[in-house]
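*Asks:* Can you read through this structure? Questions will come right after.
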Amino acid sequence: MAFGSRLLPLGLVLFVGGCASKPIDTGGGGGSGGGSGTGGSGTGGSAGTQATDPEQAVADDVLGVGEGAGTLLTIYDPAAATPGRTLVPTALAWNPTEQDELWITLREPPSDQECVTGMKTGCPWLEGRVAIVQGAASALSAAHQVETKKDANAWHFMRRPSSLAFGSDDTFASCGEARTGNYEDESVPFNGPVLWSADPSIFGAVPPADSPTGSTHIDMLHESPYCMGIAHERDNVYWTFNGDAGSLDRYDFHVPHEPGGDDHSDGEVWRYAAGLLARVPDVPSHLVYDGERSLLYAADTGHGRVVALDPSTASEVDTITTYDPIATHALMGGATLTELVPPGMLAAPTGITLYRGVLFVTDFDSSRIVAFDRSGRMLLIGYTNLPTGSIGGIGIGPDGRAYITERAGGRVLRLDPAGAPP
């Protein structure tokens with residue numbers, strides 16, 4: 001693992017669980033920051049007053065530098081959008097085919113209710129939803145138009161969603177933290193990623209009358225139980241964080257079926273790094289794919305680190321058990337897994353996104369945002385001053401600002417650095 005000269009000794013960057021009272025010197029000129037903002041929800045960073053490289057400049061622009069604290073602004077509040085329901089946002093993504101449109105996966109808090117054979121209907125406490133926020137980056141929440149959509153068979157096809165990622169041709173994929181998509185007393189671990197149309201006339205609409213599944217999904221494969229994260233590579237190829245096998249699974253849906261169909265026979269799955277990653281229940285482990293370098297970055301929450309997977313060095317060594325009638329279901333050995341950010345710098349990394357060559361990672365335990373370059377060099381820490389165990393998914397909006405899901409308050413927030421125009 002390679003570190004740049006801006007990284008301080010470990011004892012100076014171990015910030016988990018406490019208040020950041022000491023400035024963090026990243027070697028760019030001695031600037032420091034961090035503190036409370038308006039209403040106790042300020043943000044701040046610590047870095048040099050002048051960036052000496054492009055990645056540092058990006059981190060400074062997104063997280064802010066200097067003595068002042070930024071502000072967290074509410075962009076979406078599910079309590080206001082869906083009164084009477086307690087919904088938790090787990091992930092967010094910007095729709096690439098629509099201007100300034102933010103999609104957010106929502107799920108119910110964990111439930112001790114059983115979903116077992118003999119129930120006459122699905123189990124509604126397992127049903128996930130998607131909130132679609134128009135104009136998310138251009139106005140505050142009071143001015144947003146929000147539509148919440150739920151598939152008619154969400155208890156199976158969007159069960160406890162942990163993540164979503166947009167793909168090609170106006171599609172997106174989601175996956176959920178569940179062992180099975182069916183009744184929980186069945187033995188088969190039957191769950192995995194789902195492909196959807198992002199067309200509002202299809203997703204969340206009334207299923208076709210002849211649909212054998214009572215859904216509007218356009219593909220699904222079932223080899224990643226307890227799926228904690230998902231990322232798009234190309235075409236209909238996606239990566240997932242398999243929390244059951246502790247692996248990174250690569251899927252190719254190939255040609256989608258008709259909305260609500262059930263023909264998955266052309267799908268393929270390859271499993272990498274089996275047993276080398278670890279899930280933390282109820283804390284997503286997000287992924288991001290770097291198309292420029294053909295690498296997958298993963299928040300390995302259970303091991304407190306960020307890893308990079310290079311699948312090009314792998315070869316097939318065996319097959320894996322599959323519950324779909326697909327020809328390719330391979331176990332891959334020999335992939336290069338690099339520990340990009342080792343344990344100790346982050347306690348429970350959860351959200352991750354790649355923006356202009358910089359990895360922005362959220363730490364669930366400390367509720368901070370940390371920026372790294374792609375070699376693992378720490379650039380900057382953003383202090384949200386939210387309670388520990390608050391933040392999860394992260395994305396950078398079209399305005400170049402960081403948007404995060406807040407588990408504790410059930411909101412999506414925007415980080416406005418100190419001195420940034422409103």
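The values are calculated or read from the model by the stated rules, or taken from the named source; none is laboratory data. Values in this document were obtained by computation on a predicted structure and should not be read as measured data. As a convention, Cβ positions derive from the backbone with ideal geometry for all residues, glycine included, and neighbour counts pool all protein chains shown. Calculation scope for accessible area: heavy atoms of the full protein, side chains included, ligands and nucleic acids excluded. Shrake-Rupley method; radii C 1.70, N 1.55, O 1.52, S 1.80 Å.
*Asks:* Using a 1.4 Å probe and counting only protein heavy atoms, arrange ASP416, ASP262 so the residue with the most accessible area comes first.
*Replies:* The ranking, largest first, comes out as ASP262, ASP416.
*Asks:* Relative contact order of segment 246-313, please, whole-number percent, based on alpha carbon pairs below 8 angstrom and at least 6 residues apart.
*Replies:* Relative CO of segment 246-313 lands at 25 percent.
*Asks:* Please report, in debye to the nearest 20, how large the charge dipole of segment 264-422 is about its Cα centre when each Lys and Arg carries +1 at its beta carbon and each Asp and Glu carries -1 there.
*Replies:* In debye, rounded to 20, segment 264-422 gives about 600.
*Asks:* To the nearest 10 square angstrom, what accessible area does TRP155 show with a 1.4 Å probe?
*Replies:* Number for this one is 40 Å².
*Asks:* A further question follows. Based on the Cα gyration tensor of segment 269-329, what are the three equivalent ellipsoid semi-axes, each the root of five times an eigenvalue, rounded to whole Å and given largest first?
*Replies:* The equivalent ellipsoid of segment 269-329 has semi-axes of 22, 17, 11 Å.
*Asks:* Right, another one. Quick one: which residues, 5+ away or cross-chain, put their amide H under 5 Å from the amide H of ARG368? H built at 1.01 Å from N.
*Replies:* So ARG368 has HN proximity to ASP363.
*Asks:* Leaving out ligands, DNA and RNA but keeping every protein chain, what accessible area does THR97 have, in Å² rounded to the nearest 10, with a 1.4 Å probe?
*Replies:* We get 80 Å² for THR97.
*Asks:* Over the Cα atoms of segment 140-184, what Rg and Dmax result, in angstrom?
*Replies:* Rg then Dmax for segment 140-184, in Å: 13.6, 41.
*Asks:* Per residue and in Å³, how big is the convex hull formed by the alpha-carbon atoms of segment 314-422?
*Replies:* Expressed per residue, the convex hull around the Cα atoms of segment 314-422 is 177 Å³.
*Asks:* With point charges of +1 on the Cβ of Lys and Arg and -1 on the Cβ of Asp and Glu, referenced to the Cα centre of segment 159-260, which listed residue (HIS254, ASN191, GLY176) lies farthest in the positive direction of the dipole?
*Replies:* Ranked along the dipole, the leading option is GLY176.
*Asks:* Something else now. Sort LEU337, LEU346 by accessible area with a 1.4 Å probe, largest first.
*Replies:* Largest accessible area first, the residues go LEU337, LEU346.
*Asks:* Right, something else. To the nearest 10 Å², what's ARG234's accessible area with a 1.4 Å probe?
*Replies:* 110 Å²
*Asks:* Can you give me the long-range amide H partners of HIS217? Hydrogens built in the peptide plane at 1.01 Å from N, cutoff under 5 Å, separation of 5 or more residues or another chain.
*Replies:* Excluding prolines and chain starts, which carry no amide H, the hits are GLY260.
*Asks:* Percent of accessible area on segment 327-422 owned by carbon and sulfur, 1.4 Å probe?
*Replies:* Carbon plus sulfur share of accessible area: 51 percent.
*Asks:* Roll a 1.4 Å probe over the protein chains and send me the accessible area per residue for segment 54-111 in Å².
*Replies:* About 39 Å² of surface per residue is accessible.
*Asks:* When the Karplus curve 6.51 cos²θ - 1.76 cosθ + 1.60 is applied with θ = phi - 60°, which whole-Hz ³J(HN,Hα) does each residue of segment 216-231 get, with x for Gly and Pro?
*Replies:* 10, 5, 10, 4, 7, 10, 10, 10, 10, x, 6, 6, 10, x, 8, 9
*Asks:* Could you pull the Rg and Dmax for segment 61-196, using just the Cα atoms, both in Å?
*Replies:* Taking only Cα atoms of segment 61-196, I get Rg and Dmax of 17.2, 60 Å.
*Asks:* One quarter of the convex hull surface, Cα atoms only: what value does that give for segment 141-227 in nm²?
*Replies:* Result: a mean projected hull area of 6.8 nm².
*Asks:* Moving on. Find how many whole Å separate the alpha carbon centroid of segment 317-386 from the alpha carbon centroid of segment 85-113.
*Replies:* 20 Å
*Asks:* Which residue, chosen from MET378, THR336, PRO349, occupies the Cα position most advanced towards the positive end of the dipole of segment 310-389, where the dipole is computed from +1 (Lys, Arg) and -1 (Asp, Glu) charges on Cβ about the Cα centre?
*Replies:* Positive-end residue among those listed: MET378.
*Asks:* Quick one: order HIS217, HIS329, HIS254 from most to least accessible surface, probe 1.4 Å.
*Replies:* Greatest to least solvent exposure: HIS254, HIS329, HIS217.
*Asks:* I need the phi-derived Karplus couplings for segment 146-157: 6.51 cos²θ - 1.76 cosθ + 1.60, θ = phi - 60°, integer Hz, Gly and Pro marked x.
*Replies:* 10, 10, 9, 10, 9, 5, 5, 10, 5, 5, 9, 7
*Asks:* List the residues, sorted by chain then number, that are 5 or more residues from TYR355 or on another chain and whose placed amide H is less than 5 Å from its amide H.
*Replies:* Result for TYR355 returns PHE360.
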